[in-house]
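Report on the structure given below.
The values are calculated or read from the model by the stated rules, or taken from the named source; none is laboratory data. Everything numeric here is computed off the predicted structure, so don't read it as measured data. Note that we place each Cβ from the backbone using ideal geometry, even for glycine, and neighbour counts take in every protein chain shown.
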Amino acid sequence: MARRIESTATTVRPRKRPVTIKDVAAHLGVSFSAVSRALNDRHHTSEDMKARVRDAAKALGYVPHTAARMMHRAHSQTIGLVLPDLSNYIFAETASVMAEQCYQAGYQLVLGVSQRDPQIELEQVESMRAMRVAGVIISPCGQSLPETHRLLASMPSVQLARRNAELKIPTIATDDRTGSRNAMRHLLQLGHSRVALVSGDQTMTDKERLEGALDALSQAGVEQPSGLVLQGPLTAEFGREATSRVVQMEHRPTAVLCTNSVLTIGVVDAVQRAGLSVPGEMSLIGYGDPEWFRLWGPGLTTVQLPITELAQACAMHLLRQVGEGGEHEAARRPFEMMLDTSLLLRGSTGPAPGNS
């Protein structure tokens, strides 16, 4: 006996095709080229026509083809930002401020992370160049490659926070040498003469922060005891290991000045593990001001960086380069802008033991 087989297949309806420029043109009763000129904001198209086209495109649900529009422009409406990493709160906050600044100016921020590797840094810049970004803001590696220098010099670009003398582009940074000098002077005024310095060893910024602290010692006629300058990678592990060594010395330091917020994590951990009271037995100064500096124990005295102002200044200068025709050499002429730091006093610094 024959059986009737019921079909369970569902009807597949053809997907509605995307709205095109031809559809917008037909809706308005104008030519394809007239709509194209209006959407691309051509100067010889009237403002009335541009408004009519924009309204019609919005009503019909037209979405511009970004790649096609880029082909007709010297650059896209994007700004590239290349950072060493995002583990340092300074870079995360910088990216957030810049994204807002670019958005307000009609640009999208594209982020690349170099992982402190010069080759990866070059690849990030090359990729952004291929994407036709309007310009690049970069916080460079300590040893950027010559090809990276050439690429950045050929386009609108700004060096952020870290200064690389080989990069012949505008630089906006903080006056770190003065910042660390003032921090060391504060410790000297409290009677500390044995101060451990925990610093990075990779960038010009590391060097300037260390030299600023040593300047203060030299100017005060205080000789830095041997074994109290500790340089290494910018990691919490190195900060912990370096501080663990100095707190076990027979004549241990009475204070630690750290030149990086990530290193400071390890410094604080090592001091706590050693059971030293802060600031009674050990005074501490950090660098930067992540939220935990304010919440930890007595609060951490630190060199505060003007992150918002720094990020805004970099974004504004790059956008100005782009707006003034950044393909021309004059718009990219190198200069340096240095922003002031400030010493933020909290409860982690006090008189040296025996000086209270």
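For this structure, a couple of remarks:
- Under the condition of being in contact with a strand residue (DSSP E or B) (Cβ under 9 Å, 6 or more places away or on another chain) and closer than 18 Å to residue 282 by Cβ, the residues counted in segment 226-248 number 11.
- Residue, nearest to residue 317 (Cα to Cα), within segment 115-145, restricted to residues that are hydrophobic (A, V, I, L, M, F, W, C) and assigned to a loop (DSSP other than H, G, I, E, B): 134
- Restricting the first member to segment 35-49 and to residues that are outside the structural domain of residue 60 (by TED's automatic domain parsing) and closer than 17 Å to residue 23 by Cβ, and the second to residues that are basic (Lys, Arg) and not in a helix (DSSP H, G or I), no beta-carbon pair is closer than 9 Å while six or more apart or on different chains.
- Taken as a whole, the structure places residue 263 among residues that are buried (at least 21 other Cβ atoms within 10 Å of the Cβ) and in contact (Cβ under 8 Å) with a residue 60 or more places away in the chain.
- Residues that are within 19 Å of the chain's Cα centre (by Cα) and either assigned to a helix (DSSP H, G or I) or over 14 Å from residue 336 (Cα atoms) (or both) within segment 156-178 comprise 156, 176, listed in sequence order.
- Some residue of segment 203-222 being surrounded by 19 or more Cβ atoms within 10 Å (Cβ to Cβ), assigned by TED's automatic domain parsing to the domain that holds residue 294 and among the polar types (S, T, N, Q): yes
- So residue 244, is it over 30 Å from residue 108 (Cα atoms), in a helix (DSSP H, G or I) and at pLDDT 90 or above: yes
- Members of segment 266-313 that are free of Cβ contacts under 8 Å to residues at least 40 places away in the same chain and at positive phi: 275
- Qualifying residue in segment 173-191 (condition: modelled with pLDDT under 90, on the phi < 0 side of the Ramachandran plot and of a type outside the set (Phe, Trp, Tyr)): no
- When residue 187 is tested against (1) assigned to a strand (DSSP E or B); (2) crowded, with 22+ Cβ neighbours inside 10 Å, exactly one condition is not met: (1).
- Verdict on residue 197 being outside any loop (DSSP other than H, G, I, E, B) and either surrounded by fewer than 21 Cβ atoms within 10 Å (Cβ to Cβ) or more than 28 Å from the chain's Cα centre (by Cα) (or both): no
- In segment 311-349, residue modelled with the lowest pLDDT [restricted to those that are assigned to a helix (DSSP H, G or I), in contact with a strand residue (DSSP E or B) (Cβ under 6 Å, 6 or more places away or on another chain) and of a type in the set (A, V, I, L, M)]: 322
- Tallying residues that are under 16 Å from residue 203 (Cβ atoms) and buried (at least 17 other Cβ atoms within 10 Å of the Cβ) within segment 119-144 yields 7.
- Of residues in segment 56-95 being of a type in the set (D, E, K, R), at pLDDT 80 or above and out of contact with any Lys or Arg (no Cβ under 9 Å at 6 or more places or on another chain), the one surrounded by the most Cβ atoms within 10 Å (Cβ to Cβ): 93
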